[in-house]
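First the structure, in the form of structure tokens, and then the observations on it.
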Amino acid sequence: MFSMRYSAQENGETMRRKIPSIEALTAFEAAARHLSFTRSADELARTQSAIGRQIAALEDYLGVALFNRVKKRISLTDVGHTYARNVRESLEKIERDTLATMAHQGAGGILELAVIPTFATRWLIPRLPDFYARNKRITLNLTTRAEPFMFTDTPFDAAIHFGSSVWPGAIANHLFGEEITPVCNPSLMHGKASLKPDQLEKFTLLQQSARPDAWRQWLVQAGVHEANCMKGQRYETFSMLVEAARAGLGIALVPRFFVLSELERGELVIPCNLPLRNDRGYYLVYPERKQCSPPLMAFEKWLLEMAKQYSEKS
């Protein structure tokens, strides 16, 4: 028994020796961010010499140089640059986990969700009061991410993305498809109720950067094959595109559910009611290992219910 206890204790000491102190890591992260021992000392309320000693001890512990030191200036070495990024991500995760524990005291939880910007502002956030009314102990943190990513490289628990259901190592739940429709300020119509598809090319066709082929697809579907459909200004997000259309800068091609409020208020109109549909859609995706997360399962159940309600009304 003594031998077993000694072995376990020895293993524990070995594990602890593999992890530098938090003080040394925070000193290094601040110095790497500022590239200055003086400014990092001011931020951490320590002396410059104390920061220098912490970093020197960390370098000795790791057996590598983290900084290049030339006269009174410092710069990160290649290994220091990589280590700084990893340390920063680890410290941020510890901070999030600590805040989650303090906030919920073991109950509920915090979900980190990556979501397409305009989907978040136009569809998800207006419905969140209902989610919080049903799940008072769960906090949902939203971060915009437009492109797929590996969950192993990020702090996210789940993501809402537009595209296909293929996401390596993840479970994908289809929410609903997309109906793209042209919209514009009513002033551009000059009193007309509608326009023919070939008349749209006479206007400025506002573009969404991530979908450069959208107008060509819409015009081809409408039977217009020779139009110059790439001549309009480009906007990074659909929310920018909607505002440009509201301002009368041209005709935008946007998902219909993004502009339901503007259409109801008459701030935007549909000049030609020929929606474009494709085989892509909006999905909730999360890593397989998260299937046992109660907060995530609660959010998934709620989100699928909201998506079903929206699909039945549209």
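The values are calculated or read from the model by the stated rules, or taken from the named source; none is laboratory data. Given the structure is predicted, the values throughout are model-derived calculations rather than measurements. Every residue, glycine as well, gets a Cβ built from its backbone with ideal geometry; the counts of neighbours run over all protein chains shown. For accessibility, only protein heavy atoms count, side chains too; no ligands or nucleic acids. Shrake-Rupley method; radii C 1.70, N 1.55, O 1.52, S 1.80 Å.
Just a few scattered comments:
- Loop GluC sites (Glu not before Pro), the stretch 190-270 (other Cβ atoms within 10 Å of the site Cβ: 10 or fewer; DSSP): Glu226
- The solvent-accessible area of Val70, taken with every protein chain present and a 1.4 Å probe, is close to 100 Å².
- Whole-Hz couplings from phi, Karplus 6.51/-1.76/1.60, listed for the stretch 166-176; x for Gly and Pro: 7, 8, x, x, 10, 8, 10, 10, 6, 9, 6
- For Gly232, distant residues with modelled amide H under 5 Å away: Leu205
- Taking every protein chain into account, the 1.4 Å probe leaves Ile94 with about 90 Å² of accessible area, to the nearest ten.
- Modelled FRET efficiency - R0 25 Å, Glu243 with Arg96, Cβ distances, 0.05 increments: 0.15
- Volume of the Cα convex hull of the stretch 115-158, divided per residue and given in Å³: 71 Å³
- Cleavage-rule hits, trypsin sites (Lys or Arg not before Pro), the stretch 13-69, DSSP coil, Cβ neighbours within 10 Å at most 10: Lys18
- Counting only protein heavy atoms and a probe of 1.4 Å, the accessible surface of the stretch 212-302 is 49% carbon and sulfur.
- Summarising the label geometry, the points placed 7 Å from Cα in the beta-carbon direction at Leu35 and Thr204 lie 4.0 nm from one another.
- Shape summary: the chain maps onto an equivalent ellipsoid whose semi-axes, from the alpha-carbon gyration tensor, are 51, 26, 17 Å in decreasing order.
- Surface per residue (accessible, 1.4 Å probe) for the stretch 170-230, Å²: 49 Å²
- Gained length - Asn228 relative to Lys18, 0.36 nm times residue gap less alpha-carbon distance: 69.4 nm
- Here the Debye sum runs over all C-alpha atoms of the stretch 34-183 as equal scatterers in vacuum, and log10 of I(q)/I(0) at q = 0.20 Å⁻¹ comes out as -1.26.
- In degrees, nearest ten, helix 294-313 long axis to first principal axis of the chain (Cα): 10 degrees
- Pairwise inverse Cα distances across the stretch 163-285, averaged and inverted, put the Kirkwood hydrodynamic radius at 15.1 Å.
- Pairs of Cα atoms farther than 28 Å apart, the stretch 94-244, %: 39 percent
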